[in-house]
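> Have a look at this one before I ask anything.
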Amino acid sequence: MLIDDLKAIVGKSGWTNDADDLEPHLSEWRGELQGKTLIMLSPESTAQVAEIMRACHAAGVAVVPQGGNTGLCGGAIPDESGEQVLLSMSRLNTIRNVDAQDFSLVAEAGCILANVQDAARDAGRFFPLSLGAEGTCQIGGNLSTNAGGINVLCYGTARQQVLGLEVVLADGTIWDGLRSLRKDTAGYDMKQLFLGSEGTLGVITAATLKIYPDPGETLTVFMALDSAANAVELYAQFRNSLADRIQAFELISDRCLRFVQRHITSKALPLAGEHSWFVLCEIVVGDSQSDIEAALEAAMEKGLIADAVIAKNKAESEHLWNVRHAISEAEKPEGGNLKHDIAVPVGRIGDFLEAGEQLVASVMPKARLVAFGHVGDGNLHYNIAQPVGIDVAEFMAEGKALTQAIYELVASMGGSFSAEHGVGVLKKDALQQFRGAAELELMRTLKRALDPKNILNPGKVI
């Protein structure tokens, strides 16, 4: 019997069907999706993952890989049939190797992102992938969704941090591509197939990751702006004067900060007065702080910045970044929320925000816009909180038309409906609508070739 075989593969401590143990693994972070599973397996080696896949492939039983389950599109949740196997990667959590001279490390898929950062730091190096869930999300999930985060400006998305992968295919074949080469033109770049594929083409079990020189001292700058359009021009001006020393440049609306102070922390922010928009920026100091101060002064003289403060110490800096990372959590107590992880060309962010505000006001006048994101890479989390006092179910139902209108606006500006959260279940229809027939057929061709029985995370993405 398949279940008995699977239990034998992972051993007594590697499986569970206890309802309490399973509960946090069967619902999406916002609670919008709820699934069931035949059994949850927690393998402790790549060999065990391969055995699991061989057994499930032979039986034609679907497998849903799951990392830290911090995703927002339902890509790691089994369906409601109760016939799928849930594959937790949590015990595959070893840092196999750190090579400071090669500027690389090898981490298993279940490693918590913060632990990968720590491993690099312990070697005098820096791993740049950083996002709000870094204390619980796993590197395998980050890679399978091509996560972005706050440091994309300097270092790129998760995809750009990968030198090699180890992947178990649908039939249990292990592909060992854990190379650390920066140059290699021997055939197709196979790792790119699996990065961003959300576990539909193979199970990532380990990765060779780039690590970087420690950037040294940084300054955290918190700035108040009178308009979102100013943020785009401000970013361009900073890039001209400070170049790649800008590690993060985050746009935050006033409502975001009010939500955080209402539900997460009441600790005061350093800028007084009423402002509509804020930018939180992290800048490498380098040889001198004077050119950063000069850039701030020039921007203020030009009217791009209404007010600004530089964090005086590490505690102030951490507080500001904790506020930024707490925005998503602070949205939950406000009720229903339409989440839009969109991207437009950097130069059109101001245009999008202006048009989007008019759009929201015309479709749902009392809805509350909660916008924040990564201005320098064109990615905005353009969320809509329900009007106060309205029924949540009613709002979410009516919100479908608003979401459609927002995606159409994004598409008209050459943008994407999914910048860094992936597609999963919740955005499958949008993928069908906003990607061309040829592109979709290429995706299906890859899926059929690598997973002919459709047992790897079926029902997700494509």
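> Which one is nearest to Leu72 (Cα to Cα) among residues in the range 177-200 that are of a type in the set (Ser, Thr, Tyr) and touching a residue at least 60 places away in the same chain (Cβ under 8 Å)?
Our first condition is that a residue be of a type in the set (Ser, Thr, Tyr); within the range 177-200, this holds for 180, 185, 188, 197, 200.
This time we only want the ones that are touching a residue at least 60 places away in the same chain (Cβ under 8 Å), so: 180, 197, 200.
On the way: Ser180: 31, Ser197: 15, Thr200: 17 Å.
If we take residues in the range 177-200 being of a type in the set (Ser, Thr, Tyr) and touching a residue at least 60 places away in the same chain (Cβ under 8 Å), then Ser197 is nearest to Leu72 (Cα to Cα).
> Suppose we filter the range 38-78 for residues that are more than 25 Å from the chain's Cα centre (by Cα), closer than 17 Å to Thr16 by Cβ and either at pLDDT below 95 or of a type in the set (Ser, Thr, Tyr) (or both); how many remain?
1
> Taking the stated definitions as given, is Leu6 closer than 24 Å to Leu129 by Cα and touching an Asp or Glu at 6+ places or on another chain (Cβ under 9 Å)?
no
> Modelled with pLDDT under 95, closer than 22 Å to Asp254 by Cβ and not assigned by TED's automatic domain parsing to the domain that holds Gly199: is that true of Val360 in this structure?
no
> Return the pairs, sorted by first residue and then second, in which the second residue is crowded, with 16+ Cβ neighbours inside 10 Å and polar (S, T, N, Q), the first residue lies in the range 226-249 and is more than 16 Å from Leu304 (Cα to Cα), the beta carbons are less than 6 Å apart, and the residues are 6+ apart or on different chains.
Final answer for the pair search is Gln247/Asn151; Ala248/Asn151.
> Something else now. Restricting the search to the range 89-107, which residues are surrounded by 24 or more Cβ atoms within 10 Å (Cβ to Cβ) and under 20 Å from the mean Cα position of the chain (by Cα)?
Once the filter is applied, which keeps residues that are surrounded by 24 or more Cβ atoms within 10 Å (Cβ to Cβ) and under 20 Å from the mean Cα position of the chain (by Cα), the range 89-107 yields Met89, Ala107.
> In the range 361-405, which residues are assigned to a helix (DSSP H, G or I) and buried (at least 22 other Cβ atoms within 10 Å of the Cβ)?
Val375, Gly376
> Okay, moving on. Is it the case that some residue within the range 291-304 is under 28 Å from the mean Cα position of the chain (by Cα) and more than 28 Å from Ala385 (Cβ to Cβ)? Before you say what the answer is, go through the steps one by one.
Applying the first criterion (under 28 Å from the mean Cα position of the chain (by Cα)) to the range 291-304 yields none.
No: the range 291-304 contains no residue that is under 28 Å from the mean Cα position of the chain (by Cα) and more than 28 Å from Ala385 (Cβ to Cβ).
> Taking the range 160-176 only, how many residues are free of Cβ contacts under 8 Å to residues at least 60 places away in the same chain and of a type in the set (Gly, Ala, Ser)?
1
> I would also like to ask the following. Checking the conditions here, which among Leu296, Leu304 is touching a residue at least 12 places away in the same chain (Cβ under 8 Å), assigned to a loop (DSSP other than H, G, I, E, B) and of a type in the set (A, V, I, L, M, F, W, C)?
Leu304
> A follow-up question, please. Residues that are in contact with a Cys (Cβ under 8 Å, 6 or more places away or on another chain) and not small (Gly, Ala, Ser): list the strands (runs of 3 or more DSSP E) wholly contained in the range 152-266 that include at least 2 such residues. Reasoning before the result, please.
On the way: elements: 162-168, 174-177, 203-210, 218-225, 246-253.
So the answer is 218-225, 246-253.
> Pairs under 7 Å by beta carbon, first residue touching a residue at least 24 places away in the same chain (Cβ under 8 Å) in the range 432-444, partner surrounded by 13 or more Cβ atoms within 10 Å (Cβ to Cβ) and not in a helix (DSSP H, G or I), six or more apart or different chains?
Phe434/Phe417
> Still on this structure, I have one more. What's the number of the only condition in (1) without any contact (Cβ under 8 Å) to a residue 60 or more places away in the chain; (2) closer than 25 Å to Asp451 by Cα; (3) part of a loop (DSSP other than H, G, I, E, B) that Asn146 fails to meet?
(1)
> If the requirement is being over 24 Å from Gly74 (Cα atoms) and assigned to a helix (DSSP H, G or I), which of these qualifies: Val116, Val106?
Testing whether each residue is over 24 Å from Gly74 (Cα atoms) and assigned to a helix (DSSP H, G or I) leaves just Val116.
> From the residues in the range 152-210 that are polar (S, T, N, Q) and over 26 Å from Ile52 (Cα atoms), which one is surrounded by the fewest Cβ atoms within 10 Å (Cβ to Cβ)?
Thr185
> Here is a further query. Of all residues in the range 1-60 being of a type in the set (Asp, Glu) and part of a loop (DSSP other than H, G, I, E, B), which is surrounded by the most Cβ atoms within 10 Å (Cβ to Cβ)? Step through it out loud before you land on a result.
So in the range 1-60, the residues of a type in the set (Asp, Glu) come out as 4-5, 18, 20-21, 23, 28, 32, 44, 51.
Still in the running and part of a loop (DSSP other than H, G, I, E, B): 18, 28, 32, 44.
On the way: Asp18: 9, Glu28: 21, Glu32: 17, Glu44: 18.
The selected residue is Glu28.
> If I filter the range 436-452 down to residues being of a type outside the set (A, V, I, L, M, F, W, C) and surrounded by fewer than 16 Cβ atoms within 10 Å (Cβ to Cβ), which single residue comes out as farthest from the chain's Cα centre (by Cα)?
Checked the range 436-452; the qualifying residue farthest from the chain's Cα centre (by Cα) is Pro452.
The values are calculated or read from the model by the stated rules, or taken from the named source; none is laboratory data. Just so we're clear, the structure is a prediction, and the values are computed from it rather than from any experiment. Because the Cβ atoms are built from the backbone with ideal geometry, glycine has one as well, and the counts that use them run over all protein chains shown.
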